[in-house]
1. Have a look at B:Ala118, B:Ala114, B:Ala104, B:Ala95 and point out the one that is within 16 Å of the chain's Cα centre (by Cα), open to solvent by less than 30 Å² (accessible area, probe 1.4 Å), of a type in the set (Gly, Ala, Ser) and closer than 30 Å to B:Arg354 by Cα.
2. Taking the condition of being surrounded by fewer than 23 Cβ atoms within 10 Å (Cβ to Cβ) and under 16 Å from A:Lys249 (Cβ atoms), how many residues in the range A:121-139 meet it?
3. Just wondering, is there one or more residues in the range A:237-257 that are modelled with pLDDT under 90, open to solvent by 30 Å² or more (accessible area, probe 1.4 Å) and either touching a Gly at 6+ places or on another chain (Cβ under 6 Å) or of a type outside the set (A, V, I, L, M) (or both)?
4. Which residues, counting only those in the range A:348-360, are among the aliphatic types (A, V, I, L, M) and open to solvent by 10 Å² or more (accessible area, probe 1.4 Å)?
5. Name the residue, out of B:Leu171, B:Leu178, B:Leu147, B:Leu92, that is away from chain A (no Cβ under 14 Å), of a type in the set (A, V, I, L, M) and closer than 30 Å to B:Leu229 by Cα.
6. Right, A:Val458: β-branched (Val, Ile, Thr), closer than 30 Å to A:Lys361 by Cβ and within 22 Å of the chain's Cα centre (by Cα) or not?
7. Can you name the residue in the range B:150-165 that is facing chain A (nearest Cβ under 7 Å) and closer than 23 Å to B:Ile16 by Cβ and, of all such residues, is surrounded by the fewest Cβ atoms within 10 Å (Cβ to Cβ)?
8. Considering only residues that are open to solvent by 70 Å² or more (accessible area, probe 1.4 Å), within 14 Å of chain B (Cβ to nearest Cβ) and of a type outside the set (Ser, Thr, Tyr), look in the range A:438-470 and name the one that is nearest to B:Met150 (Cα to Cα).
Amino acid sequence: MSYISTLFPAYAEIFLLCMICVIMIVDSLLPSQTRTVTYLLTQVTLLGCSLITVATHTTGVAHLFTGMFVDDLMSDVLKLLTYLSVSMMLVYSRSYLIVRGLFTGELLSLTLTSTLGMLVMISASNFVTLYIGLEVLALSMYALVALQRDSAVATESAMKYFILGAMASGFLLYGMSMIYGGTGSLDIQTISNVIKAGQGNDMLLVFGLAFLVAGLAFKLGAVPFHMWVPDVYHGAPTAMTMFIGTAPKLAAFAFVMRILVEALQPMMIHWAGMLAVLAVLSMGVGNITAIAQTNIKRMFAYSTIAHMGFLLLGVLSGTLDGYSSAMFYAVIYVLMTLGGFGMIMLLSREGFEADNLNDFKGLNQRSPWLAFMMLLLMFSMAGVPPTVGFYAKFSVLNAALQAGHLTLVIAAVIFSLIGAFYYLRIVKLMYFDAPESHEKLYMQPDSTLLVSINGLAVLMLGIMPNTLMAICAASVQQSLLLP
Amino acid sequence: MIFGYPLLSVVIWLPIVFGVLVLATGNDRNASLARIIALVGAVLGLLVTIPLYTGFDRMTSAMQFVEMKNWITQFNIHYHLGVDGISMLLILLNAFFTVIVVIAGWKVIEKRVAQYMACFLIMSGLINGVFAALDAVLFYVFWEAMLIPMFLIIGVWGGPNRVYAAIKFFLYTLLGSLLMLVALLYLYFQSGSFEILDYHQLPLGMTAQILIFIAFFMAFAVKVPMFPLHTWLPDAHVEAPTGGSVVLAAIMLKVGAYGFIRFSMPIAPDASHELAWLMVTLSLIAVVYIGLVALAQSDMKKLVAYSSISHMGFVTLGLFIFNAYGMEGALLQMISHGFVSGALFLCIGVMYDRVHSRQIVDYGGVANTMPVFAAFFMLFAMANSGLPGTSGFVGEFMVILGAVKVNFWYGFAAATTLVFGAAYTLWMYKRVVFGAVANDHVRHLHDIGAREILLMAVLAITVLVMGLYPLPLSEIMHASVNDLLVHMARSKI
């Protein structure tokens with residue numbers, strides 16, 4: 001009993017794993033077609049996890065399983081946001097998936113296993129744990145994307161996702177092995193100490209670092225490792241696209257923090273330059289290519305690439321301000337993306353995907369409220385105040401400028417001006433153009449409510465950004481300053 | 001907090017709250033309810049600004065009605081409001097024009113009335129915020145946020161080419177704003193604060209000052225607009241609905257000039273002196289060249305739009321000759337131009353509502369069918385060409401006087417506007433109003449009704465009073481102008 005009570009920082013993960021087994025068994029026993037019981041059980045599981053995470057929160061940093069696992073404020077905050085984002089994703093996509101016959105028990109349990117993967121990634125303090133978390137997440141994701149077996153596009157994009165994802169994992173693993181060779185350890189703390197003491201093998205380390213950065217760039221979808229993003233976003237069922245685009249980005253942020261900042265901070269001089277190239281290319285290619293898209297899912301894919309560039313800009317500043325701005329950016333990005341994809345699914349119905357830009361034409365005449373919510377989301381993505389997207393960009397630019405990257409800041413500013421154009425175009429379609437069809441919108445009450453909360457949150461956080469910013473700053477500070 | 005409540009916050013948020021209420025009336029079935037709520041909101045918005053005028057201390061240049069609260073502690077950003085003699089007048093102007101545009105759009109706007117009225121009310125609150133903000137980030141938030149309602153106003157209720165105009169308007173202004181943001185971040189880096197008043201005292205080297213000046217220039221010159229960044233304005237004006245044009249001309253352009261006064265000049269005084277030649281040249285090009293361009297227009301709205309650019313050239317000229325005549329003249333010109341150009345756009349709107357054309361050739365002999373209207377139009381046309389006794393004269397005369405003191409040829413070039421301005425305005429007036437009735441459209445015109453007469457009369461009285469007795473205005477701005485000139489004379493290097 002005493003051993004179990006020492007495991008309390010990992011209770012959330014353990015609970016989640018147990019519940020996954022329960023849900024799988026319960027689901028196989030239930031004949032229901034709509035999976036209501038399993039769905040509710042999944043939501044209850046996520047709620048339970050949040051309660052456990054809050055209850056097991058301690059001030060300070062706790063290590064577990066001989067240093068394989070860490071529990072600090074950053075991981076708690078990111079985990080809570082992950083539960084929230086997964087839960088919102090399920091609410092948004094339920095009716096969309098039911099109509100398409102995809103709302104199955106497998107979907108729910110795979111969603112939870114990928115959540116488990118994210119939690120492990122967020123709390124990893126050893127390269128092995130990081131890698132295990134990443135693979136649990138990635139393998140569940142491949143299956144989720146491929147769930148729509150009879151669709152050639154979905155299968156193709158699952159295949160692409162799998163092959164490129166596997167390659168990225170290979171890159172990461174190779175890089176990790178180099179770092180192991182250079183320092184003799186896989187433990188993040190030890191690696192950092194060895195490099196700081198100057199005992200590492202520099203050539204191996206730099207070599208390994210290059211592979212790690214490439215692998216991370218693959219996972220984040222930063223240019224030039226972004227080729228899979230548009231195809232997978234476009235091909236996967238919208239619900240799955242939303243999933244890929246949201247919660248895993250939080251885990252990916254934790255991944256970047258654990259590897260580059262906690263383990264390899266002494267090598268910042270090397271990775272900051274690499275990230276600078278990735279950031280500028282991502283912002284440039286993402287924003288410029290997004291203009292040419294006619295499919296809104298592809299447009300969001302390129303917009304994601306651009307947002308990842310911004311996130312990297314925060315990380316490469318290499319200061320506490322920079323890391324906390326990147327974390328804030330990741331959180332805000334997830335919030336906005338959930339809303340954006342939620343809106344696509346809300347406008348879709350049986351046999352019709354509202355994934356073409358023209359499907360948004362005249363939305364203001366069909367539903368002024370939804371159009372207004374989408375307007376808030378679009379201006380937020382473009383970074384126009386008073387929406388919260390502005391503060392995300394503001395804090396990243398501020399951090400980069402304080403770190404002396406004036407050229408990068410000016411490049412970022414110019415690319416966000418270019419980016420504003422395609423977000424404005426959606427507002428233009430909704431407000432200035434006449435609708436193509438006057439068919440009455442069927443709005444599911446739960447998704448409509450959620451999209452309203454989502455849109456208003458973007459506005460309210462924009463008026464009162466203080467708390468969330470302070471939480472991000474405190475998390476980063478605690479994880480980095482109190483090892 | 002003189003009256004026991006945060007006056008400036010009320011001035012900012014009351015129109016916004018009413019805007020949301022108007023939105024809540026929903027679709028066009030409740031259009032009349034939306035109009036009434038909007039009018040109540042606009043009138044209340046004007047009433048709450050009156051204590052700003054009555055309670056204003058004319059003796060000091062310090063900020064008044066100050067409110068200060070923590071907002072974003074991590075970056076030391078405050079919710080800091082306050083007005084001086086310059087910004088207070090602009091807030092009054094804005095609140096006044098909100099009432100005007102609500103009444104002007106009363107009958108004309110028939111589709112999506114609630115959204116139209118809400119856009120104007122929300123924008124009015126945001127513009128008040130721009131004038132009252134003393135924290136740079138707060139200023140920036142209001143500054144950018146006011147683009148959103150204007151973008152929708154042009155794009156939803158505008159003319160045939162409205163989409164192009166709306167997007168051009170938004171992107172042009174966003175470009176300048178983003179560069180300003182970089183400058184503000186740099187100033188934060190230097191001073192550790194986002195207080196505008198702290199920036200005024202911050203010592204800066206010449207290179208830094210020049211770079212900051214250029215970044216601010218991009219933001220404010222687009223808004224003024226100064227030659228050669230003016231090309232968005234004719235498009236936006238022509239395509240915007242009447243109310244949109246009125247607010248653009250009367251208020252939004254002033255925001256740019258206000259930016260120069262509040263940011264560029266006091267933060268980078270040495271750079272301002274160093275680059276004054278550029279500012280003066282661009283201003284004179286605007287006055288002379290754009291005046292000639294206005295002469296060649298066949299579209300009335302475009303003509304008034306170019307005339308606005310030309311008149312705003314006077315404002316920037318007055319600011320960058322650094323003497324009291326120029327500065328006060330520039331400020332009076334800002335206010336006067338607000339009234340005059342707003343009134344001219346309303347006049348054009350009156351005709352457009354009836355004939356649905358803005359082309360000068362489609363009119364002729366309007367005086368025969370609309371005599372009352374023609375009389376008002378005459379007065380505003382005269383004010384636009386700077387006739388003594390109207391508000392248009394005072395500001396222009398003072399700026400010319402100030403310019404002659406600096407350099408005779410500056411004054412000479414600026415004075416040509418009295419010729420060109422009269423030429424393009426009165427020539428347009430002649431072609432539209434005088435002569436025989438040109439066609440059936442004009443023959444079937446009916447004169448303005450009580451609602452329109454009310455609007456015109458209020459504006460006409462203001463234009464005349466300002467022209468004959470400008471003292472109450474200059475009295476208010478006097479202390480702030482002097483303080484700014486003294487501040488500008490000290491080097492910050």
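The values are calculated or read from the model by the stated rules, or taken from the named source; none is laboratory data. As the structure is a computational prediction, the values presented were derived from the model and not from experiment. Methodologically, a virtual Cβ is constructed for each residue, glycine included, from the backbone with ideal geometry; neighbour enumeration extends over all protein chains shown. Ligands, DNA and RNA are stripped out before the accessible areas are found, and what is left, the full protein with its side chains, is counted by its heavy atoms. Shrake-Rupley method; radii C 1.70, N 1.55, O 1.52, S 1.80 Å.
1. B:Ala95
2. Here the count works out to 1.
3. So far as the range A:237-257 goes, no, none of its residues is modelled with pLDDT under 90, open to solvent by 30 Å² or more (accessible area, probe 1.4 Å) and either touching a Gly at 6+ places or on another chain (Cβ under 6 Å) or of a type outside the set (A, V, I, L, M) (or both).
4. Selection gives A:Leu357 alone.
5. Criteria check complete, one pass: B:Leu92.
6. yes
7. By that ranking, first place goes to B:Val156.
8. A:Met460
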